[in-house]
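*Asks:* Input: one structure, supplied below.
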Amino acid sequence: MEKPNYYAHITADVRYNKKLTPNAKLLYAEITALCNMNGKCTASTQYFCKLYEVSRASIQNWLKSLEDNNYISRSVTYKKGSKEILSRVIKLSNITPSLNISTDNTNAKAYTNTNITYSNKGKSTMSKLDYQISEWQEAKKLL
């Protein structure tokens, strides 16, 4: 199975949400990567089952957990006159719940980025971290 080659994002409120299992957080990251690819996630439950080698029930539980915590929304289109699902679209919620999380960084080492640079053929030089932050900020505006 071909695996996506896109960046995944896990926001702090998702990372530190104790109500979510680690696998639900990983699924959230996968959904963000697929949304980056085409603006929405149309992957089926079966796709996620094969990707992570888990049961359908596991994927459904993780999706429900993400939806119950307002990190995603799902819309389903049914075949006319039946309960057969034609398509499902998963979207990231625009408003993520605010968690009052305080982290103790007193023992954290400062990250220095003096030796890593991003260069555009001499036109501009910016640290790789600054470049990634600016990309993240642009992506956040789209949400």
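Rule-based calculations on the coordinates, nothing more; no lab input. Because the structure is a prediction, the values reported are computed rather than measured. Backbone-built Cβ (ideal geometry, glycine too); neighbour counts: all protein chains shown.
*Asks:* Quick one: count up the residues across the range 39-60 that are assigned to a helix (DSSP H, G or I) and small (Gly, Ala, Ser).
*Replies:* Total meeting the criteria: 2.
*Asks:* Quick check on my filter: what residues within the range 46-60 are without any contact (Cβ under 8 Å) to a residue 40 or more places away in the chain and either under 14 Å from residue 90 (Cα atoms) or surrounded by fewer than 16 Cβ atoms within 10 Å (Cβ to Cβ) (or both)?
*Replies:* Listed by number, the residues that qualify are 46, 47, 48, 52, 53, 54, 55, 56, 57, 59, 60.
*Asks:* Looking only at residues in the range 51-93 that are farther than 19 Å from residue 19 by Cβ and charged (D, E, K, R), which one is nearest to the chain's Cα centre (by Cα)?
*Replies:* 91
*Asks:* State whether one or more residues within the range 72-82 are basic (Lys, Arg) and assigned to a loop (DSSP other than H, G, I, E, B).
*Replies:* yes
*Asks:* Scanning the range 6-24 for residues that are among the aliphatic types (A, V, I, L, M) and in a loop (DSSP other than H, G, I, E, B), which turns out surrounded by the fewest Cβ atoms within 10 Å (Cβ to Cβ)?
*Replies:* 10
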